[in-house]
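Okay, so here's the structure we're looking at.
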Amino acid sequence: MPILPDEDFKDKLTFWVNGKRHVVLNPDPGVTLNEWLRSQRGLTGTKVMCREGGCGCCVVMVTHPDPTNGGACSYTLNSCLCPLCSVDGWSITTVEGLGGQKAGFHPIQRRLADFNGSQCGYCSPGMVLNMYGLLNKKPQPSQQEVENHFDGHICRCTGYRPILDAMKSFAADADPEKGGCIDIEDLDKHPCPNAGGTCNGASANGVNGTSAGPLRCRQNGISWYRPSSLGELYGLLEQHSQDRYKLVCGNTAAGVYKNDGPHTCLIDIKAVSDLYNCQPGPPLVVGSAVSLSTMVDFLQAGSDQSPFYNVLANHLRKVANVSVRNVSRLGCENA
Ligand SMILES: Cc1cc2nc3c(=O)[nH]c(=O)nc-3n(C[C@H](O)[C@H](O)[C@H](O)COP(=O)(O)OP(=O)(O)OC[C@H]3O[C@@H](n4cnc5c(N)ncnc54)[C@H](O)[C@@H]3O)c2cc1C
Ligand code: FES
Ligand code: FES
(Lines give C-alpha, C1' and ligand atoms only; values in the text may rest on other atoms or scores of the structure.)
(Ligands and ions follow the chains in the order given, each with its own letter.)
Protein backbone atom coordinates (compact mmCIF):
# COMPACT_ATOMS: atom_id res chain seq x y z
CA MET A 1 0.00 0.00 0.00
CA PRO A 2 1.26 3.53 -0.76
CA ILE A 3 2.55 5.38 2.31
CA LEU A 4 1.81 9.10 2.19
CA PRO A 5 4.81 11.42 2.53
CA ASP A 6 4.82 13.70 5.59
CA GLU A 7 4.16 16.86 3.58
CA ASP A 8 0.80 15.47 2.39
CA PHE A 9 -0.59 15.69 5.92
CA LYS A 10 -1.84 18.95 7.40
CA ASP A 11 -1.57 19.54 11.15
CA LYS A 12 -4.02 22.41 11.52
CA LEU A 13 -7.63 22.11 12.66
CA THR A 14 -10.19 24.65 11.46
CA PHE A 15 -13.65 24.57 13.00
CA TRP A 16 -16.48 26.83 14.12
CA VAL A 17 -18.00 27.25 17.57
CA ASN A 18 -21.30 29.16 17.68
CA GLY A 19 -20.45 30.63 14.29
CA LYS A 20 -16.94 31.78 15.24
CA ARG A 21 -13.98 30.33 13.35
CA HIS A 22 -11.13 28.75 15.31
CA VAL A 23 -7.79 27.48 14.09
CA VAL A 24 -5.76 25.15 16.32
CA LEU A 25 -2.27 24.11 15.31
CA ASN A 26 -1.12 20.59 16.09
CA PRO A 27 -3.41 19.89 19.09
CA ASP A 28 -2.71 17.27 21.75
CA PRO A 29 -4.54 14.04 20.71
CA GLY A 30 -5.37 13.50 24.39
CA VAL A 31 -7.44 16.69 24.73
CA THR A 32 -11.23 16.43 24.44
CA LEU A 33 -13.58 18.95 22.88
CA ASN A 34 -15.07 19.48 26.35
CA GLU A 35 -11.69 20.38 27.87
CA TRP A 36 -10.92 22.76 25.01
CA LEU A 37 -14.32 24.51 25.14
CA ARG A 38 -14.18 25.00 28.88
CA SER A 39 -10.51 25.73 29.51
CA GLN A 40 -9.37 27.35 26.25
CA ARG A 41 -12.51 29.29 25.26
CA GLY A 42 -14.20 29.79 28.64
CA LEU A 43 -17.41 28.25 27.29
CA THR A 44 -18.32 26.76 30.64
CA GLY A 45 -22.02 26.50 29.78
CA THR A 46 -21.05 23.05 28.50
CA LYS A 47 -20.65 21.15 31.76
CA VAL A 48 -18.59 18.15 32.72
CA MET A 49 -19.28 15.47 35.31
CA CYS A 50 -18.90 11.74 34.65
CA ARG A 51 -16.56 11.88 31.61
CA GLU A 52 -18.14 8.54 30.63
CA GLY A 53 -20.94 9.51 28.25
CA GLY A 54 -23.44 8.66 30.99
CA CYS A 55 -24.85 11.91 32.41
CA GLY A 56 -25.41 14.13 29.37
CA CYS A 57 -24.35 17.45 30.93
CA CYS A 58 -21.61 17.91 28.30
CA VAL A 59 -23.82 17.45 25.23
CA VAL A 60 -23.24 19.79 22.27
CA MET A 61 -24.60 19.85 18.73
CA VAL A 62 -22.25 19.28 15.80
CA THR A 63 -22.62 19.62 12.03
CA HIS A 64 -20.06 18.32 9.58
CA PRO A 65 -19.77 17.12 6.00
CA ASP A 66 -21.33 13.74 5.28
CA PRO A 67 -18.40 11.54 4.17
CA THR A 68 -20.67 9.66 1.77
CA ASN A 69 -22.28 12.46 -0.23
CA GLY A 70 -20.78 15.83 0.73
CA GLY A 71 -24.06 16.94 2.36
CA ALA A 72 -24.26 17.87 6.03
CA CYS A 73 -24.88 15.71 9.11
CA SER A 74 -26.12 17.29 12.35
CA TYR A 75 -26.46 15.51 15.68
CA THR A 76 -25.66 15.80 19.37
CA LEU A 77 -22.69 14.13 21.04
CA ASN A 78 -21.03 13.97 24.44
CA SER A 79 -18.16 16.46 24.25
CA CYS A 80 -16.38 14.66 27.14
CA LEU A 81 -15.65 11.70 24.85
CA CYS A 82 -14.97 13.65 21.65
CA PRO A 83 -11.25 14.15 20.92
CA LEU A 84 -10.54 17.73 19.81
CA CYS A 85 -8.57 16.27 16.87
CA SER A 86 -11.89 14.91 15.50
CA VAL A 87 -13.52 18.28 14.92
CA ASP A 88 -11.61 19.61 11.92
CA GLY A 89 -14.18 21.14 9.52
CA TRP A 90 -17.02 20.84 12.04
CA SER A 91 -19.50 23.44 13.23
CA ILE A 92 -20.26 23.15 16.94
CA THR A 93 -23.17 24.71 18.82
CA THR A 94 -22.96 25.05 22.59
CA VAL A 95 -25.58 26.42 24.94
CA GLU A 96 -23.99 29.88 24.66
CA GLY A 97 -24.77 29.75 20.94
CA LEU A 98 -28.44 29.06 21.58
CA GLY A 99 -29.10 32.00 23.86
CA GLY A 100 -28.53 33.55 27.25
CA GLN A 101 -29.48 36.30 29.64
CA LYS A 102 -27.93 39.17 27.68
CA ALA A 103 -28.68 37.98 24.16
CA GLY A 104 -32.11 36.53 24.89
CA PHE A 105 -33.05 32.98 25.73
CA HIS A 106 -33.81 30.26 23.21
CA PRO A 107 -37.44 28.99 23.28
CA ILE A 108 -36.24 25.66 24.72
CA GLN A 109 -34.40 27.44 27.55
CA ARG A 110 -37.46 29.58 28.29
CA ARG A 111 -39.79 26.60 28.26
CA LEU A 112 -37.55 24.69 30.71
CA ALA A 113 -37.62 27.67 33.09
CA ASP A 114 -41.40 28.17 32.69
CA PHE A 115 -42.00 24.55 33.73
CA ASN A 116 -39.64 24.86 36.74
CA GLY A 117 -37.34 22.30 35.13
CA SER A 118 -34.13 23.69 36.57
CA GLN A 119 -32.76 24.14 40.08
CA CYS A 120 -28.95 24.24 40.33
CA GLY A 121 -28.94 24.29 36.51
CA TYR A 122 -25.96 21.99 36.08
CA CYS A 123 -27.82 19.52 33.88
CA SER A 124 -29.87 22.17 32.06
CA PRO A 125 -27.51 23.01 29.15
CA GLY A 126 -27.24 19.32 28.24
CA MET A 127 -31.02 18.89 28.48
CA VAL A 128 -31.56 21.93 26.25
CA LEU A 129 -29.01 20.82 23.66
CA ASN A 130 -30.49 17.33 23.63
CA MET A 131 -33.95 18.75 22.88
CA TYR A 132 -32.45 21.06 20.27
CA GLY A 133 -30.91 18.01 18.60
CA LEU A 134 -34.26 16.19 18.55
CA LEU A 135 -36.20 19.16 17.12
CA ASN A 136 -33.49 19.69 14.54
CA LYS A 137 -33.92 16.09 13.39
CA LYS A 138 -37.68 15.82 13.90
CA PRO A 139 -39.50 19.16 14.34
CA GLN A 140 -42.77 17.56 15.47
CA PRO A 141 -41.96 14.56 17.67
CA SER A 142 -44.55 12.73 19.75
CA GLN A 143 -44.45 12.90 23.54
CA GLN A 144 -43.24 9.29 23.62
CA GLU A 145 -40.41 10.14 21.23
CA VAL A 146 -39.40 13.04 23.46
CA GLU A 147 -39.35 10.76 26.50
CA ASN A 148 -37.31 8.12 24.64
CA HIS A 149 -34.85 10.81 23.59
CA PHE A 150 -33.93 11.64 27.20
CA ASP A 151 -32.31 8.28 27.89
CA GLY A 152 -28.86 9.65 28.71
CA HIS A 153 -29.40 12.64 30.98
CA ILE A 154 -29.15 12.78 34.73
CA CYS A 155 -30.58 15.52 36.96
CA ARG A 156 -29.56 15.38 40.58
CA CYS A 157 -31.96 17.95 41.95
CA THR A 158 -35.04 18.96 39.97
CA GLY A 159 -36.50 15.55 39.26
CA TYR A 160 -37.48 14.41 35.82
CA ARG A 161 -41.19 15.22 35.78
CA PRO A 162 -40.91 19.01 35.28
CA ILE A 163 -38.04 18.57 32.82
CA LEU A 164 -39.97 16.06 30.73
CA ASP A 165 -43.17 18.13 31.03
CA ALA A 166 -41.26 21.10 29.59
CA MET A 167 -39.74 19.09 26.75
CA LYS A 168 -42.93 17.18 25.95
CA SER A 169 -44.79 20.49 25.62
CA PHE A 170 -43.01 20.80 22.23
CA ALA A 171 -44.55 17.56 21.00
CA ALA A 172 -47.09 17.42 18.20
CA ASP A 173 -49.55 15.53 20.44
CA ALA A 174 -49.13 17.81 23.47
CA ASP A 175 -51.74 20.24 24.75
CA PRO A 176 -51.15 23.43 22.69
CA GLU A 177 -52.03 25.50 25.75
CA LYS A 178 -48.84 24.30 27.40
CA GLY A 179 -46.73 26.03 24.79
CA GLY A 180 -47.06 23.94 21.68
CA CYS A 181 -44.67 23.01 18.91
CA ILE A 182 -41.90 25.31 17.85
CA ASP A 183 -41.83 26.40 14.25
CA ILE A 184 -38.74 25.02 12.48
CA GLU A 185 -38.11 28.60 11.32
CA ASP A 186 -37.89 29.70 14.95
CA LEU A 187 -35.58 26.90 16.07
CA ASP A 188 -32.55 28.84 14.93
CA LYS A 189 -33.93 32.35 15.07
CA HIS A 190 -32.02 33.31 18.13
CA PRO A 191 -29.18 35.69 18.76
CA CYS A 192 -25.66 34.33 18.70
CA PRO A 193 -23.50 36.17 21.23
CA ASN A 194 -20.28 35.23 19.46
CA ALA A 195 -21.08 35.60 15.78
CA GLY A 196 -23.85 38.18 16.08
CA GLY A 197 -27.12 37.76 14.20
CA THR A 198 -28.49 34.27 14.14
CA CYS A 199 -26.51 31.28 15.18
CA ASN A 200 -27.49 28.18 13.31
CA GLY A 201 -25.63 24.96 13.89
CA ALA A 202 -27.17 23.57 10.74
CA SER A 203 -26.05 26.54 8.64
CA ALA A 204 -22.72 24.85 9.11
CA ASN A 205 -20.07 27.43 8.48
CA GLY A 206 -17.75 24.52 8.94
CA VAL A 207 -19.31 22.34 6.30
CA ASN A 208 -17.30 23.81 3.50
CA GLY A 209 -14.73 21.23 2.64
CA THR A 210 -11.98 22.44 4.99
CA SER A 211 -11.88 18.98 6.53
CA ALA A 212 -10.82 17.38 3.27
CA GLY A 213 -7.46 15.65 3.09
CA PRO A 214 -5.36 13.68 5.51
CA LEU A 215 -4.57 15.13 8.95
CA ARG A 216 -1.77 14.36 11.39
CA CYS A 217 -1.15 15.83 14.85
CA ARG A 218 1.67 14.80 17.20
CA GLN A 219 1.99 15.73 20.86
CA ASN A 220 3.34 14.02 23.98
CA GLY A 221 4.46 10.92 22.11
CA ILE A 222 1.01 10.28 20.58
CA SER A 223 0.23 10.69 16.87
CA TRP A 224 -3.29 11.28 15.55
CA TYR A 225 -3.97 10.47 11.91
CA ARG A 226 -7.08 11.03 9.84
CA PRO A 227 -6.77 9.18 6.53
CA SER A 228 -9.23 10.27 3.85
CA SER A 229 -9.42 7.02 1.88
CA LEU A 230 -9.19 3.28 2.37
CA GLY A 231 -5.81 3.28 0.56
CA GLU A 232 -4.40 5.86 2.99
CA LEU A 233 -5.80 3.86 5.92
CA TYR A 234 -4.10 0.64 4.74
CA GLY A 235 -0.87 2.58 4.18
CA LEU A 236 -0.96 3.89 7.76
CA LEU A 237 -1.72 0.44 9.18
CA GLU A 238 1.29 -0.96 7.34
CA GLN A 239 3.51 1.94 8.42
CA HIS A 240 2.48 1.62 12.09
CA SER A 241 2.15 -2.17 12.32
CA GLN A 242 4.89 -2.27 14.97
CA ASP A 243 3.40 0.61 17.02
CA ARG A 244 0.72 0.50 19.67
CA TYR A 245 -1.99 1.82 17.37
CA LYS A 246 -5.75 2.04 17.76
CA LEU A 247 -8.49 2.83 15.27
CA VAL A 248 -10.83 5.55 16.53
CA CYS A 249 -14.38 6.21 15.39
CA GLY A 250 -16.83 7.59 17.97
CA ASN A 251 -14.29 7.11 20.80
CA THR A 252 -17.17 6.14 23.10
CA ALA A 253 -15.45 2.93 24.21
CA ALA A 254 -13.09 5.29 26.08
CA GLY A 255 -16.02 5.99 28.43
CA VAL A 256 -16.11 2.31 29.41
CA TYR A 257 -12.55 1.00 29.01
CA LYS A 258 -10.68 3.70 30.86
CA ASN A 259 -7.41 1.84 31.15
CA ASP A 260 -7.18 0.91 27.48
CA GLY A 261 -3.73 1.68 26.10
CA PRO A 262 -1.42 3.49 26.27
CA HIS A 263 -1.39 3.98 22.49
CA THR A 264 1.26 5.78 20.50
CA CYS A 265 -0.81 6.10 17.34
CA LEU A 266 -4.53 6.87 16.96
CA ILE A 267 -6.11 6.53 13.52
CA ASP A 268 -9.44 8.31 13.04
CA ILE A 269 -11.37 6.44 10.34
CA LYS A 270 -14.44 8.70 10.15
CA ALA A 271 -13.42 10.30 6.85
CA VAL A 272 -13.07 6.99 4.98
CA SER A 273 -16.23 6.98 2.85
CA ASP A 274 -15.90 3.27 1.89
CA LEU A 275 -16.70 2.33 5.51
CA TYR A 276 -20.21 3.82 5.25
CA ASN A 277 -21.53 1.46 2.57
CA CYS A 278 -25.09 0.30 3.40
CA GLN A 279 -27.29 -2.08 1.41
CA PRO A 280 -30.70 -3.18 2.69
CA GLY A 281 -30.22 -6.67 1.26
CA PRO A 282 -30.77 -9.44 1.88
CA PRO A 283 -28.01 -9.92 2.78
CA LEU A 284 -27.92 -6.77 4.89
CA VAL A 285 -24.62 -4.92 4.41
CA VAL A 286 -23.60 -2.20 6.88
CA GLY A 287 -20.21 -0.46 6.83
CA SER A 288 -18.19 -0.55 10.04
CA ALA A 289 -18.23 3.27 10.42
CA VAL A 290 -22.02 3.59 10.28
CA SER A 291 -23.31 5.05 13.55
CA LEU A 292 -25.86 3.12 15.59
CA SER A 293 -28.41 5.96 15.16
CA THR A 294 -28.00 5.87 11.37
CA MET A 295 -28.26 2.09 11.46
CA VAL A 296 -31.55 2.30 13.39
CA ASP A 297 -32.96 4.76 10.82
CA PHE A 298 -31.69 2.54 8.00
CA LEU A 299 -33.30 -0.60 9.48
CA GLN A 300 -36.59 1.17 10.03
CA ALA A 301 -36.64 2.51 6.47
CA GLY A 302 -35.97 -1.01 5.11
CA SER A 303 -38.21 -2.90 7.55
CA ASP A 304 -40.22 -4.40 4.70
CA GLN A 305 -37.08 -6.33 3.64
CA SER A 306 -37.11 -8.59 6.68
CA PRO A 307 -39.12 -9.08 9.91
CA PHE A 308 -35.81 -9.05 11.79
CA TYR A 309 -34.94 -5.44 10.93
CA ASN A 310 -37.34 -3.95 13.48
CA VAL A 311 -36.12 -6.44 16.11
CA LEU A 312 -32.52 -5.42 15.45
CA ALA A 313 -33.43 -1.70 15.48
CA ASN A 314 -35.18 -2.13 18.84
CA HIS A 315 -32.14 -3.90 20.24
CA LEU A 316 -29.78 -1.14 19.04
CA ARG A 317 -32.01 1.49 20.69
CA LYS A 318 -31.15 -0.17 24.01
CA VAL A 319 -27.41 0.41 23.56
CA ALA A 320 -26.14 3.36 25.62
CA ASN A 321 -28.09 6.59 24.94
CA VAL A 322 -28.97 8.90 22.06
CA SER A 323 -25.80 11.03 22.05
CA VAL A 324 -23.57 7.93 22.37
CA ARG A 325 -25.48 6.11 19.62
CA ASN A 326 -25.11 9.16 17.36
CA VAL A 327 -21.35 8.58 17.21
CA SER A 328 -20.70 4.98 18.23
CA ARG A 329 -20.21 2.58 15.35
CA LEU A 330 -21.43 -0.85 14.55
CA GLY A 331 -17.95 -2.12 13.69
CA CYS A 332 -16.82 -1.44 17.26
CA GLU A 333 -19.90 -2.82 19.01
CA ASN A 334 -19.36 -5.13 21.99
CA ALA A 335 -22.82 -6.61 22.58
C1 LIG B 1 -22.57 5.41 28.29
C2 LIG B 1 -22.15 4.26 27.44
C3 LIG B 1 -22.96 3.15 27.34
C4 LIG B 1 -22.58 2.08 26.51
N5 LIG B 1 -23.45 1.03 26.41
C6 LIG B 1 -23.12 0.01 25.58
C7 LIG B 1 -24.03 -1.10 25.41
O8 LIG B 1 -25.14 -1.09 25.95
N9 LIG B 1 -23.64 -2.13 24.59
C10 LIG B 1 -22.42 -2.10 23.95
O11 LIG B 1 -22.11 -3.03 23.22
N12 LIG B 1 -21.56 -1.07 24.10
C13 LIG B 1 -21.88 -0.03 24.90
N14 LIG B 1 -21.01 1.01 25.05
C15 LIG B 1 -19.69 0.92 24.42
C16 LIG B 1 -19.54 1.64 23.07
O17 LIG B 1 -20.44 2.71 22.93
C18 LIG B 1 -19.80 0.73 21.91
O19 LIG B 1 -18.98 -0.38 21.99
C20 LIG B 1 -19.61 1.45 20.58
O21 LIG B 1 -20.17 0.69 19.53
C22 LIG B 1 -18.20 1.81 20.27
O23 LIG B 1 -18.17 2.51 19.04
P24 LIG B 1 -17.14 3.71 18.79
O25 LIG B 1 -17.27 4.13 17.37
O26 LIG B 1 -17.34 4.79 19.78
O27 LIG B 1 -15.75 2.98 19.05
P28 LIG B 1 -14.34 3.58 19.46
O29 LIG B 1 -14.38 3.94 20.89
O30 LIG B 1 -13.92 4.61 18.50
O31 LIG B 1 -13.46 2.26 19.25
C32 LIG B 1 -13.67 1.09 20.05
C33 LIG B 1 -12.77 -0.05 19.57
O34 LIG B 1 -13.16 -0.50 18.27
C35 LIG B 1 -12.05 -0.44 17.35
N36 LIG B 1 -12.55 0.03 16.05
C37 LIG B 1 -12.84 1.29 15.72
N38 LIG B 1 -13.30 1.36 14.46
C39 LIG B 1 -13.32 0.09 13.98
C40 LIG B 1 -13.72 -0.49 12.74
N41 LIG B 1 -14.19 0.26 11.75
N42 LIG B 1 -13.59 -1.81 12.59
C43 LIG B 1 -13.13 -2.57 13.61
N44 LIG B 1 -12.75 -2.08 14.81
C45 LIG B 1 -12.83 -0.77 15.00
C46 LIG B 1 -11.12 0.57 17.96
O47 LIG B 1 -9.78 0.35 17.57
C48 LIG B 1 -11.29 0.34 19.45
O49 LIG B 1 -10.49 -0.72 19.89
C50 LIG B 1 -21.37 2.11 25.82
C51 LIG B 1 -20.55 3.25 25.91
C52 LIG B 1 -20.94 4.32 26.70
C53 LIG B 1 -20.07 5.53 26.77
S1 FES C 1 -19.58 14.48 31.41
FE2 FES C 1 -21.16 13.00 31.68
S3 FES C 1 -21.65 12.48 29.64
FE4 FES C 1 -19.97 13.82 29.40
S1 FES D 1 -31.07 21.11 38.00
FE2 FES D 1 -29.44 20.48 39.30
S3 FES D 1 -28.72 18.70 38.29
FE4 FES D 1 -30.51 19.16 37.21
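The values are calculated or read from the model by the stated rules, or taken from the named source; none is laboratory data. Given the structure is predicted, the values throughout are model-derived calculations rather than measurements. In this analysis, Cβ positions are derived from the backbone assuming ideal geometry, glycine residues included, and neighbour counts consider all displayed protein chains. Ligands, DNA and RNA are stripped out before the accessible areas are found, and what is left, the full protein with its side chains, is counted by its heavy atoms. Shrake-Rupley method; radii C 1.70, N 1.55, O 1.52, S 1.80 Å.
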*Given the residues CYS217, CYS192, which is the only one that is in contact with a Cys (Cβ under 7 Å, 6 or more places away or on another chain), open to solvent by less than 30 Å² (accessible area, probe 1.4 Å) and at pLDDT below 90?*
CYS192
*What do you reckon, is LEU112 touching a helix residue (DSSP H, G or I) at 6+ places or on another chain (Cβ under 7 Å), more than 17 Å from VAL48 (Cβ to Cβ) and within 13 Å of ligand 3 (Cβ to nearest atom)?*
yes
_With the condition being open to solvent by less than 40 Å² (accessible area, probe 1.4 Å), over 30 Å from GLY159 (Cα atoms) and within 16 Å of ligand 1 (Cβ to nearest atom), I'd like the strands (runs of 3 or more DSSP E) fully within the stretch 1-83 carrying at least 1 qualifying residues._
59-65, 72-78
*Any chance the stretch 32-43 includes a residue that's assigned by TED's automatic domain parsing to the domain that holds ASN220, under 16 Å from the mean Cα position of the chain (by Cα) and of a type in the set (Ser, Thr, Tyr)?*
yes
_Need the failing condition index for VAL311 against (1) within 16 Å of ligand 2 (Cβ to nearest atom); (2) loosely packed, with under 13 Cβ neighbours inside 10 Å, just the number._
(1)
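Yes or no: ILE154 within 14 Å of CYS57 (Cβ to Cβ) and surrounded by fewer than 20 Cβ atoms within 10 Å (Cβ to Cβ)?
On the way: within 14 Å of CYS57 (Cβ to Cβ): yes; surrounded by fewer than 20 Cβ atoms within 10 Å (Cβ to Cβ): yes.
The answer is yes for ILE154.
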*Of the residues in the stretch 156-189, how many are aliphatic (A, V, I, L, M), part of a loop (DSSP other than H, G, I, E, B) and under 12 Å from PRO139 (Cα atoms)?*
3
_Out of the residues in the stretch 240-261 meeting the condition of being surrounded by 10 or more Cβ atoms within 10 Å (Cβ to Cβ) and more than 23 Å from the chain's Cα centre (by Cα), tell me which one is nearest to ligand 2 (Cβ to nearest atom)._
GLY261
*Counting only residues that are more than 14 Å from LEU37 (Cβ to Cβ) and either of a type in the set (Phe, Trp, Tyr) or assigned by TED's automatic domain parsing to the domain that holds PHE150 (or both), how many does the stretch 52-95 have?*
1
*asked:* Out of the residues in the stretch 239-257 meeting the condition of being in a loop (DSSP other than H, G, I, E, B) and in contact (Cβ under 8 Å) with a residue 40 or more places away in the chain, tell me which one is farthest from ALA301 (Cα to Cα).
replied: VAL256
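Picking from VAL296, VAL324, VAL311, VAL319, which residue would you name as being at pLDDT 95 or above, within 11 Å of ligand 1 (Cβ to nearest atom) and either among the small types (Gly, Ala, Ser) or in a helix (DSSP H, G or I) (or both)? Lay out the reasoning, then the answer.
Working: VAL296 fails: within 11 Å of ligand 1 (Cβ to nearest atom); VAL311 fails: within 11 Å of ligand 1 (Cβ to nearest atom); VAL319 fails: either among the small types (Gly, Ala, Ser) or in a helix (DSSP H, G or I) (or both).
VAL324 is the lone residue from the list that is at pLDDT 95 or above, within 11 Å of ligand 1 (Cβ to nearest atom) and either among the small types (Gly, Ala, Ser) or in a helix (DSSP H, G or I) (or both).
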*asked:* Tell me yes or no: at least one residue of the stretch 271-281 is crowded, with 20+ Cβ neighbours inside 10 Å and in a strand (DSSP E or B).
replied: no
_Check on ASN130, touching a helix residue (DSSP H, G or I) at 6+ places or on another chain (Cβ under 7 Å) and within 12 Å of ligand 3 (Cβ to nearest atom)_ = no
*From ARG21, ARG51, grab the single residue that is touching a residue at least 40 places away in the same chain (Cβ under 8 Å), touching a Leu at 6+ places or on another chain (Cβ under 9 Å) and of a type in the set (Lys, Arg).*
ARG51
